[in-house]
1. Which one of these is open to solvent by less than 60 Å² (accessible area, probe 1.4 Å), hydrophobic (A, V, I, L, M, F, W, C) and on the phi < 0 side of the Ramachandran plot: Val98, Val175?
2. Can you tell me which residue within region 74-90, out of those that are of a type in the set (D, E, K, R) and part of a helix (DSSP H, G or I), is farthest from Arg140 (Cα to Cα)?
3. Any residue in region 113-132 that's at positive phi: show its pairings with residues that are surrounded by 14 or more Cβ atoms within 10 Å (Cβ to Cβ) and of a type in the set (S, T, N, Q) at Cβ separation under 7 Å, as long as the two are six or more apart or on different chains.
4. Restricted to region 45-73, and to residues that are more than 13 Å from Gly5 (Cβ to Cβ) and in a strand (DSSP E or B), which residue is least open to solvent (accessible area, probe 1.4 Å)?
5. Which of the residues belonging to region 101-111 are farther than 9 Å from Val131 by Cβ and open to solvent by 40 Å² or more (accessible area, probe 1.4 Å)?
6. Among what's in region 27-44 and is more than 30 Å from Ile127 (Cα to Cα) and in contact with a helix residue (DSSP H, G or I) (Cβ under 7 Å, 6 or more places away or on another chain), pick the residue that is surrounded by the fewest Cβ atoms within 10 Å (Cβ to Cβ).
7. Is it the case, given these coordinates, that Gly97 is more than 24 Å from Pro8 (Cα to Cα), at pLDDT below 90 and not hydroxyl-bearing (Ser, Thr, Tyr)?
8. Out of Lys16, Lys32, Lys62, report the one residue that is charged (D, E, K, R) and in contact (Cβ under 8 Å) with a residue 40 or more places away in the chain.
Amino acid sequence: MARLGKKPILIPEGVKVKQEKDVLIFEGKNGKLEQIIPSGIEVVLEGNSIILKNLISPDNRKLYRKTEALQGLMRKLILNKINGVKEKFEKVLELHGVGYKGEVQGKKLVLSIGFSIPVEIEIPQGIEVEVVRNTMIFVRGTDKEQVGNFSASIRAIFPPEPYKGKGIRYRGEYVRHKAGKTGVGATQ
């Protein structure tokens, strides 16, 4: 296994990290985020680096392996929080279909995507939405999980269909097209 959880995390300039009991607080130019540290893992702040240590003894094999995996997960979550307060995360969605468009009205994203009425989605706190050329939706925020969840909820309204390719898709997402029924071989 890679054992990435044991590698130290370097804190870049412009990011402040504080520890209060079992919570790490990250502050940067884009805001403030918190990460709860589970039991079994110890966080050590040394200079400009963060080191995660497994508190479970290797003798207890089953529990040790679980906290070892959790150690790697916590390292990645901490890296995401640091990157989020330093520079925001972004997801881009595209609207494919004739007459499909989107626009931001106050704190709502309004999508006209072929339904009888436009679909309105409330934009959550901490997320910025920008619509470019009516067909490209940029979702930005400091929390990677929140950006991904909101983007997925937009896409779930009308996922791309395989026959004409209409729908909402991520930028660069490949949609495999199927051949429609041609009528050849149909019995009468």
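The values are calculated or read from the model by the stated rules, or taken from the named source; none is laboratory data. Since the structure is predicted, the reported quantities are computational estimates derived from the model, not experimental observations. FYI the Cβ positions are ideal-geometry reconstructions off the backbone, even for glycines, and counts take in every protein chain you see. To get the accessible areas, we keep the full protein, side chains included, count just its heavy atoms, and leave off ligands, DNA and RNA. Shrake-Rupley method; radii C 1.70, N 1.55, O 1.52, S 1.80 Å.
1. Working: Val98 fails: open to solvent by less than 60 Å² (accessible area, probe 1.4 Å).
Matching residue, one of Val98, Val175: Val175.
2. First pass over region 74-90, keeping only residues of a type in the set (D, E, K, R): 75-76, 81, 86-88, 90.
Now drop any that are not part of a helix (DSSP H, G or I), which leaves 75-76, 81, 86.
On the way: Arg75: 23, Lys76: 19, Lys81: 14, Lys86: 13 Å.
Residue satisfying both the conditions and the ranking: Arg75.
3. Gly126/Thr142; Gly126/Gln146
4. Ser49
5. Listed by number, the residues that qualify are Gln105, Gly106, Lys107, Lys108.
6. Applying the filter and picking the extreme gives Gly40.
7. Working: more than 24 Å from Pro8 (Cα to Cα): yes; at pLDDT below 90: yes; not hydroxyl-bearing (Ser, Thr, Tyr): yes.
When the stated conditions are applied, Gly97 passes them.
8. Numbers: Lys16 fails: in contact (Cβ under 8 Å) with a residue 40 or more places away in the chain; Lys62 fails: in contact (Cβ under 8 Å) with a residue 40 or more places away in the chain.
One residue alone meets the criteria, Lys32.
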